[in-house]
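A short write-up of the structure that comes next.
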Amino acid sequence: MEVAKSMYRERVRNAALLERITSADEAAKLIRDGMTVGMSGFTRAGEAKAVPMALAERAKTDPLKITLITGASLGNDLDKTMAEAHLLARRIPFQADPALRRAINDGEVMFVDQHLSETVEMLRTRQLGPVDVAVIEAVAITEDGGIVPTTSVGNSASFAILADKVIVEINLAQPDTLEGLHDIYIPSYRPARMPIPIVSPESRVGMPYIPIDPDKIAAIVVTEKLDSSSTILPPDEDTQAIAGHLSEFLQHEVKAGRLTNTLQPLQAGIGTIANAVMHGLIDTPFHNLKMYSEVLQDSTFDLFDAGKLDFASGSSITVSAERYQTVLEDLARYKSRLVLRPQEISNHPEVVRRLGIIGINTALEFDIYGNVNSTHVGGTKMMNGIGGSGDFARNGYMSIFVTKSTAKDDVISSVVPMVSHVDHNEHDVDVLITEYGLADLRGLAPRERAPLIIANCVHPAYREQLGDYYRRAVARGGHTPHVIEEALSWHGRLRETGSMKI
């Protein structure tokens, strides 16, 4: 054992902590029934990998329930494994796994869907929690006991600071070049909180590790498992069309003198459509771009390689299998132009408003007045969660939502009379884009918005159907006209017939 411990001295540089290296099974015994556990991980990056698996395995023969709080979704099928082991009583604040989604929609797991900037604020003020145990993946532990995160920060810093006990997973598969990439800044307590001193995406205002008392580290587990790669699909004809509409719109903003060709700092949500839209900026006149976002995806590094992007700030790096070797295995090429922050800072309303972020996020559906549903299928079935989209939509310089006009071979229209669930109301939405066109809603009243959305964003198969609804609604009057008894009839028709089409 002493020989094995000596192998880890470069990663565990506090010599006293080498005595706390143990197995995942033993570390998992620190977690007991009814506890609240904070785990690292943000959009399939940087999650603790061994301890949650050991805990799920234990739950199969020794049933227990925990409240699990993370940064966002976990990789390596961890949410699936824990859900199927019936380990989870409550899950906060975001997830993206089909098995866990079923448990949530069946009512087995209580899911608290939160803006990603809010979770640790609520923990810090004891509106949630307390956190009994934090499980944090790290690339190293410093001489003073500081935890150096891996490919995400998420909520890891506050989990480690607030928890009674900390389990650290030292992942030898994560490159040691990650050290120095992070900027850990924790806001001071209210009411004497000082302004967050970030004045540009490249501002570094914190520490390169999570500062905690090393006595809180109760166990260290050594792992060698990679992050899950993202499942982003390559751009298709529709996503390229969406990217083209966005590029044309932004060029118009430059001509109007409201932007320059360096734009404002960009934020993009996770997923195929958002990634494709950002990738589309390569073939544009825009240059010297900067990002202040949550997840740095393939498109971030495509823009770097194309000479379009100068700097990117995020909370995690989540790339495809194809991109992994060119990013994490050759991180030195990008490191000086990257920073990873806690998600309460990457998504902080104060910073988002100050920097003037252009936010580009994905909608499940939107209605003829600009209300957006990002989370619920048919108004009741949770998909993934609101994530950070609301942090940027409410506070950014410009809030843009993109989606394909239809889903499931055109039986579902993404534009409906009234959304079945509202995540972003019309006051927080500036621009809507589908493959058919763009609706700039700024400065428009509801009666001006609806015709523009119907003409520019709706699939041809639904355009007349939606136009007929609006005309009959206007005949009834009102500031925001509706045929109220038919407002959700499209969703009802889908349930009954399998299609929104009449």
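Brief remarks on what is shown
- Heavy-atom accessible area ranking, 1.4 Å probe, most first, across TYR324, TYR469, TYR189: TYR189, TYR324, TYR469
- Counting only Cα atoms, the size of the chain along its three principal axes is 79, 50, 47 Å, in decreasing order.
- Taking a span of 20 Å or more along the helix axis (Cα atoms) and a mean Kyte-Doolittle hydropathy of at least -1.0 as the rule, the DSSP H helices of the chain that qualify are 237-255.
- In this structure, the pairs whose alpha-carbon distance is over 28 Å, taken from LYS225/LYS381; LYS290/LYS381; LYS65/LYS216; LYS49/LYS216; LYS335/LYS404; LYS80/LYS501, are LYS225/LYS381; LYS290/LYS381; LYS335/LYS404; LYS80/LYS501.
- Residues whose placed amide H lies under 5 Å from that of LEU233, excluding near-sequence neighbours: THR272
- Compactness of region 51-98 - radius of gyration and Dmax, Cα, Å: 9.9, 28
- Of the listed residues TYR369, TYR397, the order by accessible area with a 1.4 Å probe, largest first, is TYR397, TYR369.
- Amide proton proximity set for ALA140, modelled H, under 5 Å, gap of 5+: VAL148
- Among residues other than ASP302 with Cβ under 10 Å from its Cβ, the summed charge is 0 (Lys and Arg +1, Asp and Glu -1).
- Evaluated at q = 0.11, 0.16, 0.17, 0.18 Å⁻¹: base-10 log I(q)/I(0), Debye formula over Cα of region 328-405: -0.40, -0.74, -0.80, -0.85
- Once divided by 2.2 N^0.38 Å, the Cα radius of gyration of region 461-500 becomes 1.24.
- Scoring 388-394, 194-200 by mean Cβ neighbours within 10 Å over their residues and listing the highest first yields 388-394, 194-200.
- Relative contact order of the chain, taken over Cα pairs closer than 8 Å and 6 or more residues apart, is 13 percent.
- Helix-only CD estimate at 222 nm, as mean residue ellipticity for the chain, using -39500 (n - 2.57) per DSSP H run (n ≥ 4): -8000 deg cm²/dmol
- Using the Cβ-Cβ distance between ARG353 and ARG204 with R0 = 35 Å, the FRET efficiency computed as 1/(1 + (r/R0)^6) comes to roughly 0.95.
- Ratio of the Cα radius of gyration of region 139-201 to 2.2 N^0.38 Å, where N counts its residues: 1.29
- Kirkwood estimate for region 286-351, i.e. one over the average of 1/r between Cα atoms, Å: 12.2
- Kirkwood estimate for region 248-339, i.e. one over the average of 1/r between Cα atoms, Å: 13.5
- Considering only beta bridges that DSSP places wholly inside the chain, some 25 percent are antiparallel.
- Loop-located trypsin sites (Lys or Arg not before Pro) across region 53-153 with a Cβ neighbour count of 16 or fewer within 10 Å are LYS65, ARG126, with loop assigned by DSSP.
The values are calculated or read from the model by the stated rules, or taken from the named source; none is laboratory data. These numbers come from a predicted model, not from an experiment. We place every Cβ from the backbone using ideal geometry, glycine too, and count neighbours over all the protein chains shown. The protein model used for the area step is the full one, side chains on, heavy atoms only, and it has no ligands, DNA or RNA in it. Shrake-Rupley method; radii C 1.70, N 1.55, O 1.52, S 1.80 Å.
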